[in-house]
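Okay, structure first, notes after.
Only the coordinates and a few stated rules stand behind these numbers; no lab work does. Small disclaimer: the values here were computed from a predicted structure and weren't measured. When we count neighbours, we look across all protein chains shown, and the Cβ atoms used for this are built from the backbone with ideal geometry, even at glycine.
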Amino acid sequence: MNDEPSEQRKTVIITGASRGIGHATATCFLERGWRIITCSREETPPECKRDPNWTCHIPTDLGDADSLEEFIVRANEELDGQPLHGLINNAGLSPKTPFKERLGCLNGDLDAWREVFEINFFAGLKLARGFASPLHAGEGAIVNITSIAGHKIHPFAGSAYSISKAALSALTRELANEFAALGVRVNAVAPGEIETEMIQPEYEALIPRIPLDRMGSPRDVATTIYYLCSDDSNYVTGSEIWITGGQHLF
């Protein structure tokens with residue numbers, strides 16, 4: 001069911017949209033009648049090609065400067081001068097060493113750290129700059145996907161991932177301050193343990209530390225992202241919403 005009449009249909013850009021939180025977010029916006037422009041390293045999921053509102057999917061490697069710039073150019077061409085109402089910086093990377101260890105401060109190639117920061121931090125900054133004009137025209141909203149790991153030591157996340165997400169939290173605050181002059185709101189959501197492809201069997205041990213006694217679903221995150229792009233949050237900016245089932249309380 002569409003919440004938006006067709007003549008007032010809004011447009012959102014979602015990165016990392018082929019699976020997990022990104023795909024759930026794309027589905028959530030589609031259900032509410034938004035046009036979506038998406039990118040990921042993969043092609044459009046087949047079931048989504050049938051939806052006429054899934055306007056444009058552009059395979060993109062956000063860790064590659066040329067690929068990212070091409071995405072900005074092509075997405076702006078797709079907008080064709082029309083306003084943009086939402087930018088969801090969801091794409092993220094949490095690599096392991098060849099020995100299946102998370103990248104920590106004492107291990108791992110520094111080039112791998114740089115790749116993590118290119119995707120988890122710099123891509124969000126570059127995309128915010130690249131779509132600032134249509135976001136201004138649409139009085140839109142930016143939502144960055146951070147993490148509980150950006151705020152406290154996480155047993156499985158690793159230092160490279162955690163620090164990049166902490167940096168993204170700080171970027172959210174700075175963008176909120178600067179983009180306010182454009183009429184654009186900037187917020188973040190910080191998920192905890194969400195059942196996606198990134199979750200490994202060892203994460204089950206964390207459930208006793210979650211007051212709601214379960215992992216979250218991608219849909220739990222997607223609906224909060226939608227809220228931050230909707231008119232219901234039009235006086236909310238510079239905030240970070242925890243989606244952890246209460247895990248962040250401890």
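Observations
- Summarising the amide proton neighbourhood of CYS56: residues at separation of 5 or more, or on other chains, whose placed amide H is nearer than 5 Å comprise ILE36, THR38.
- FRET efficiency for SER133 and GLU197, using Cβ-Cβ distance with R0 set to 25 Å, rounded to 0.05: 0.15
- Total lysine pairs in the chain at Cα distances under 21 Å, for residues eight or more apart or on different chains: 6.
- Note on VAL236 and SER67: the model spin-label points, each 7 Å out from Cα along the C-beta direction, lie 3.2 nm apart.
- The 3J(HN,Hα) values that the Karplus relation (6.51, -1.76, 1.60; θ = phi - 60°) gives for region 114-121 are, in residue order, 4, 5, 4, 5, 4, 7, 7, 10 Hz. Gly and Pro appear as x.
- Arranged from fewest to most other beta-carbon atoms within 10 Å of their beta carbon, SER159, SER40 become SER159, SER40.
- Comparing mean-square fluctuations of VAL184, VAL73, VAL116 from a GNM of the chain with C-alpha springs under 10 Å, the top value falls on VAL73.
- With Cα atoms, 0 to 90° folded angle of helix 218-229 axis to the chain main axis: 50 degrees
- Stokes-Einstein diffusion coefficient of the chain, Kirkwood radius over Cα pairs, 37 °C, 0.692 mPa s, in µm²/s: 180 µm²/s
- Listed values for region 60-70 are Karplus-derived 3J(HN,Hα) couplings in whole Hz (6.51 cos²θ - 1.76 cosθ + 1.60, θ = phi - 60°), namely 8, 9, 5, x, 9, 4, 5, 5, 5, 5, 5, and x replaces Gly and Pro.
- Annotation: the antiparallel percentage among DSSP beta bridges lying fully within the chain is about 5.
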